[in-house]
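For reference, the structure discussed in these notes is given below.
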Amino acid sequence: MIEDIYKRMNEEASKIFKERKVVFGEGNTGAEIMLIGEAPGGEEEKQGHPFVGSAGKNLNGFLEILELKREDIFLSNVVKIRPFKINEKTGRKVNRPPDKSEIDFFKPFLIEEIKEVSPKLIVTLGNTALRAVTDDKSALIGDFHGKVTETKQGKLFALYHPASIIYNVKLKDTYNSDLQILKGILKN
Ligand code: URA
């Protein structure tokens, strides 16, 4: 049961990451597609759900193109706490990429989640998720995106992280054409 995995993860995480809120994966545990992001951001931490706020908007666009509903998939992140740093000027929390200790802690739980959901296709967003699923710390999204790769965890389709394409028109085109490839794969 996914709940058992999360219970154990939560107990272990509370020892190491103390007061930090843990954002679990959610969705259809019998889904054919499991979407894996990097880590929750501020809005996810606040609401306690993955892919809400601006990442949620990206997710909705993704689902619309693929003609899927949120309930059709299982959503998770490699790291389940919000990685943040304090902006020196404003004193406010800002997101940062997860560090090695965070990834190393959460990755075994992600592998358990994948086994539990056992999706036909794992879709990763960005390098952190790609590296966790391929178990290759130097894997690069540029080499993996837009095609199916066989991994120990099952079939993987890697996408650029939607946050990374916002200011890059070329990458945005690549992301959109990758989504069309994915749509074709899902239709077959
Ligand atoms: N929100 C998430 O839950 N995951 C991401 O990777 C980015 C934003």
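Rule-based calculations on the coordinates, nothing more; no lab input. Model, not experiment: these values are computed from the prediction. Virtual Cβ from ideal backbone geometry, glycine too; neighbours counted across all protein chains shown.
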Whole-Hz ³J(HN,Hα) from phi, Karplus 6.51 cos²θ - 1.76 cosθ + 1.60, for the range 82-94, glycine and proline x: 7, x, 9, 9, 9, 5, 4, 6, 8, x, 9, 6, 10
Bridge type composition, the chain - antiparallel percent by DSSP, nearest 5: 40
Around residue 49: net Lys/Arg minus Asp/Glu count, Cβ-Cβ under 15 Å: +1
Positive-pole candidate from 91, 48, 184, dipole of the range 2-187, charges at beta carbon: 91
Residues residue 1 and residue 185, FRET efficiency given R0 of 41 Å [Cβ-Cβ distance, rounded to 0.05]: 0.90
Prolate/oblate/rounded label for the range 99-144 (Cα gyration tensor, a/c 1.5): oblate
Phi to ³J(HN,Hα) by Karplus 6.51 cos²θ - 1.76 cosθ + 1.60 over the range 29-34, Hz, x for Gly, Pro: 6, x, 5, 7, 10, 10
GluC sites (Glu not before Pro) within the range 1-32: DSSP coil, no more than 15 neighbouring Cβ in 10 Å: 19, 32
Lys, Arg +1 and Asp, Glu -1 on Cβ, resulting dipole of the range 58-159 about Cα centre, debye, nearest 20: 440
Mean separation of Cα contacts under 8 Å, 6 or more apart, over the residue count of the chain: relative contact order %: 22
Table column - 3J(HN,Hα) (Hz), the range 66-77, Karplus curve with 6.51, -1.76, 1.60, x for Gly and Pro: 7, 6, 10, 10, 3, 5, 7, 10, 10, 10, 8, 10
Cross-link partners of residue 15 among lysines (Cα-Cα below 28 Å; sequence separation of 8 or more within a chain): 7, 46, 80, 85, 93, 100, 107, 115, 137
Shape call, the range 11-97: gyration tensor on alpha carbons, a/c limit 1.5: oblate
Dipole magnitude of the chain, debye to nearest 20 (Cβ charges: Lys/Arg +1, Asp/Glu -1, about Cα centre): 540
Sites matching trypsin sites (Lys or Arg not before Pro) across the range 141-176 that sit in DSSP coil, with at most 12 neighbouring C-beta atoms within 10 Å: 152
Spread of Cα-to-Cα distances over 5 Å intervals beginning at zero, given as percent, for the chain: 1, 8, 17, 22, 22, 16, 9, 4, 1, 0, 0
